[in-house]
Each structure stands twice: as C-alpha cells, then as structure tokens.
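Heads up: the structure comes next, in structure tokens.
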Amino acid sequence: MKVVQLNESAPRDACLARLCAEVYGQAAGLTPLVRFAATRRVLFAQEAARLLAAVDGAGRPQALALLVLDAAGQGMTLTLSCALDGDEEPDDREAPRRALITELATKAPLRVEAEDADAEAFYRDCGISRWFAGRDGQRIGLGARHPAATLAEAGAPIAVDDAEVLRRFKHDTKGFEEEKERFVQGLASFPECLT
C-alpha cells in the first residue's frame with residue numbers, strides 16, 4: 001500500500017465525494033454535500049487542504065484522509081478519514097485507515113482530535129503520542145513532526161462556515177445544482193477515477 005496526494009480535480013472530487021459520503025452517511029441530510037462544496041470551493045482553492053489516499057498495488061483507494069492547514073501554516077489537522085470496503089476481515093476493516101494515518105503521523109506535522117477514549121486509542125496505535133486536554137472533554141494529539149510544544153501553539157485548522165455555505169445554496173440554486181451534480185458524478189466515477 002502506498003500513499004498518494006490527489007491533486008487533479010476529477011479524481012480529487014471523486015475521492016472527496018466518497019470520503020464525505022462515508023463519514024457522514026446517507027442520514028446526514030445536506031451535510032456531505034456542504035462539506036464537499038466547502039472543501040472544494042474554499043479550502044482547495046486556497047491550497048489550505050490536502051486529500052490523500054492509501055492505494056493498493058492496482059491503484060484502488062483503500063483509505064482516504066483530508067488534512068487542513070492551521071492558520072499559521074505550520075501544522076495539518078486530520079479533519080476527515082475513512083477506510084473503504086476492501087478484502088479485509090471485518091475485525092480488521094480499519095487497517096487501511098490505520099496504515100494511512102500512521103504514515104501521515106510519521107511524515108507530516110499532524111494534529112488529530114479525539115472525541116472519546118476509543119478514538120484516542122486508535123490514534124495512539126497510529127503513533128500519535130503527545131496528547132493535550134481540549135474543550136468539552138476533547139483530546140488533541142500531535143504527531144512527532146508537529147512543531148508545537150503546547151496545545152496553544154498547535155493552531156486549530158482553517159475553518160469554513162457551513163451555515164454560510166447553506167445560505168449560498170439557498171440564494172444560488174444554480175450553484176447548488178452544480179455542486180450536487182459534481183458530488184453525484186464524483187460518487188459515480190469512484191474508484192475508477194484513480195486507475
């Protein structure tokens with residue numbers, strides 16, 4: 001398995017659509033589309049986000065991860081990640097995701113956010129060993145290459161206002177339809193987009 005950064009718009013859009021669909025699911029309403037549009041229109045346009053895939057020998061994605069820069073441009077926060085359906089045993093379904101995050105933890109200035117003890121344990125297994133207490137019980141982990149020594153130095157990722165994206169959708173029906181079409185086309189072309 002190797003890690004590739006997706007830079008070309010068609011494969012990147014397809015993988016981003018699949019990542020949003022996997023993470024948020026079908027019951028999430030417009031959330032997958034909003035995250036897709038916000039990432040594509042704002043974060044990719046400003047070069048503030050990177051989409052990476054762990055691919056097998058045939059170039060088929062096994063796991064996806066979205067990294068977003070912090071405002072200072074020193075670190076990258078893992079904001080979305082997922083393992084994709086593969087040939088793994090059910091007990092090891094997260095193996096490609098774990099391998100991808102482990103690779104990122106050793107090579108990138110990685111920051112992760114764990115909502116609970118299980119998530120923290122998963123990231124610890126990926127090599128994230130420096131941990132800080134965040135707000136509302138959240139735990140913030142930093143990879144070995146992250147330059148911050150304290151939580152205050154580990155800036156939060158650049159954020160996009162989801163409510164603003166929804167407002168734009170309501171006032172720009174053509175833009176909404178275009179983003180929806182891109183999202184659906186991306187899902188339809190996945191995983192052939194990388195081969």
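Nothing charged except the Cβ atoms of Lys and Arg (+1) and of Asp and Glu (-1): what's the magnitude of the dipole of the range 152-195 about its Cα centre? Round to the nearest 20 debye.
On the way: 6 positive and 10 negative charges, 35 e Å.
That gives a dipole near 160 debye.
Carbon and sulfur: what percent of the range 140-195's accessible surface (1.4 Å probe)?
Numbers: 1910 of 3520 Å².
That share works out to 54 percent.
Which order do you get for Asp70, Asp136 if you rank them by accessible area with a 1.4 Å probe, largest at the top? Mind dumping the intermediate values first?
Numbers: Asp70 10, Asp136 160 Å².
The ranking, largest first, comes out as Asp136, Asp70.
Report Rg (one decimal) and Dmax (nearest whole number) for the range 5-80, counting Cα atoms only, units Å.
Cα only, the range 5-80: 12.4, 37 Å (Rg, Dmax).
Binning at 10 angstrom from zero up to the longest distance, how are the C-alpha pair distances of the range 141-194 distributed in percent?
Cα pair-distance distribution for the range 141-194, in percent: 19, 24, 22, 28, 7.
Taking the Cβ of Leu110 as the center, what net charge do the other residues with Cβ under 12 Å away carry, scoring Lys and Arg +1 and Asp and Glu -1? Display every interim value, and only then the final one.
Values: positive: Arg50, Lys107, Arg111, Arg130, Arg145; negative: Asp70, Glu103, Glu113.
With Lys, Arg at +1 and Asp, Glu at -1, the neighbours total +2.
Rg (Å, one decimal) plus Dmax (Å, integer) for the alpha carbons of the chain?
Final numbers for Rg and Dmax: 16.6, 46 Å.
Taking all pairs of different Cα atoms in the range 39-141, averaging 1/r and flipping that mean, what Kirkwood radius in angstroms comes out?
Working: mean 1/r = 0.0693 Å⁻¹.
Mean inverse Cα-Cα distance, inverted, gives 14.4 Å.
Can you list the residues, at least 5 places off or on another chain, whose amide H is less than 5 Å from the amide H of Asp56, using H built in the peptide plane?
It is Gln62, by chain and number.
Dipole magnitude of the range 1-153 about its Cα centre, charges +1 at Lys/Arg Cβ and -1 at Asp/Glu Cβ only, in debye to the nearest 20? The partial results should precede the final answer.
Numbers: 18 positive and 22 negative charges, 133 e Å.
The dipole of the range 1-153 has a size of about 640 debye.
Taking each pair of different alpha-carbon atoms in the range 98-195 once, compute 1/r for the pair, average those values, and report the inverse of that mean as the Kirkwood hydrodynamic radius in Å to one decimal. Let's see the in-between values first.
Working: mean 1/r = 0.0614 Å⁻¹.
Kirkwood radius, the range 98-195: 16.3 Å.
Select from Ala154, Gln138, Cys126 the residue farthest towards the positive end of the dipole of the range 48-195; place +1 on Cβ of Lys and Arg, -1 on Cβ of Asp and Glu, and compute about the Cα centre.
Result: Ala154, furthest along the dipole toward the positive end.
Please compute the per residue accessible area over the range 32-87 with all protein chains in place, 1.4 Å probe, rounded to a whole number of Å². Could the numbers behind the result be given before it?
Details: 1890 Å² over 56 residues.
Accessible area per residue, the range 32-87: 34 Å².
The values are calculated or read from the model by the stated rules, or taken from the named source; none is laboratory data. Just so you know, these numbers come straight off a predicted model, no measurement behind them. Using ideal geometry, Cβ is built from the backbone for each residue, glycine included, and neighbour counts are taken over all protein chains shown. Calculation scope for accessible area: heavy atoms of the full protein, side chains included, ligands and nucleic acids excluded. Shrake-Rupley method; radii C 1.70, N 1.55, O 1.52, S 1.80 Å.
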